[in-house]
Amino acid sequence: MTAELELGCGGPEAAVPHFEEGLRVDSLLGARPYVTQGRLGLARALSASGDLARAMELARSAAADARRLDMPGLLHPADAFLADAAAKARAEDPLIAREREVAELVAQALSNREVARTLVLSERTVESHVRSILAKTGLTSRTELTRWYLQQPPR
C-alpha cells in the first residue's frame with residue numbers, strides 16, 4: 001500500500017524499496033496473488049525510474065503468474081504494460097539486433113567487407129544494413145554513426 005502511494009505521488013524511486021519489501025514478505029507467506037501484484041507494481045516503479053529492462057522482466061513474470069493463477073484482472077494490466085514498454089524500448093532503440101551488430105563493427109572502423117566476413121554475410125547485405133541504420137538514426141556518414149553508437153547506453 002505504501003509503495004502504491006509513493007508511486008502515485010510521483011516518487012518511483014522511493015516506491016521501489018517498498019515494493020521489494022512487500023514482495024519479500026508476500027513470498028515468505030506464499031501469497032502468490034500478492035506476489036504477482038507486487039511484481040507488476042515494482043515493474044511500474046522501475047519503468048518510471050528508468051530501469052526498463054528489469055521492469056519488463058518483472059512484468060513478464062507477473063503476466064505469466066497471472067495466467068497460471070487465472071487472474072484476468074492482473075493479466076490485462078500486465079500485458080498492457082508490456083506492450084507499452086516494448087513500444088518505448090523500440091522508440092529508444094530503432095535498430096534491430098542485426099543492425100546493432102553491424103553498427104558495433106562499423107564503430108570499430110571495420111570496412112563493409114570486414115563486417116561481412118565477421119558476420120558471415122554478403123558485402124551487399126552489410127551495405128543494406130548500413131543504409132538502413134543511417135536512415136533510421138537520421139545520420140549521414142559512418143563517422144556520425146560511430147559517434148552515435150559510442151554515445152548509446154550499453155545494451
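Only the coordinates and a few stated rules stand behind these numbers; no lab work does. Keep in mind that what you see is a predicted model, and the values were worked out from it rather than measured. Here the Cβ positions follow ideal geometry from the backbone for every residue, glycine too, while neighbour counts run over all protein chains shown.
Over 20 Å, how big is the tail of the calculated P(r) for the chain, in percent of all Cα pairs? Mind showing how you got there, number by number?
Details: 7052 of 11935 pairs.
Cα-Cα pairs in the chain separated by more than 20 Å: 59 percent.
Placing +1 at every Lys and Arg Cβ and -1 at every Asp and Glu Cβ, with all other atoms neutral, what dipole size does the chain have around its Cα centre, in debye to the nearest 20?
600
Take the alpha carbon atoms of segment 35-71, find their center, do the same for segment 75-150, and report the distance between the two centers in whole angstrom.
28
Where does the chain land at 222 nm, in deg cm²/dmol rounded to the nearest 500, when only DSSP H runs of n ≥ 4 count, each adding -39500 (n - 2.57), divided by all residues? Write out the running numbers ahead of the final one.
On the way: 9 runs with 125 residues, N = 155.
So the calculated ellipticity at 222 nm is -26000 deg cm²/dmol.
Between Met1 and Glu123, what is the spin-label point distance in nm, taking each point 7 Å from the Cα along the Cα→C-beta axis?
7.0
Which angle from 0 to 90°, rounded to the nearest 10, does the C-alpha axis of helix 52-68 make with the longest principal axis of the chain?
50
Given R₀ = 22 Å, what would the calculated FRET efficiency be for Asp93 paired with Thr143, taking r from the Cβ atoms and rounding to 0.05?
Computed FRET efficiency for Asp93 and Thr143 comes out at 0.60.
Taking the Cβ of Val16 as the center, what net charge do the other residues with Cβ under 9 Å away carry, scoring Lys and Arg +1 and Asp and Glu -1?
Taking every Cβ under 9 Å from that of Val16, the sum is -4.
May I ask for the net charge around Ala48, where only other residues with Cβ less than 14 Å from the Cβ of Ala48 are counted and Lys, Arg are +1 while Asp, Glu are -1?
-2
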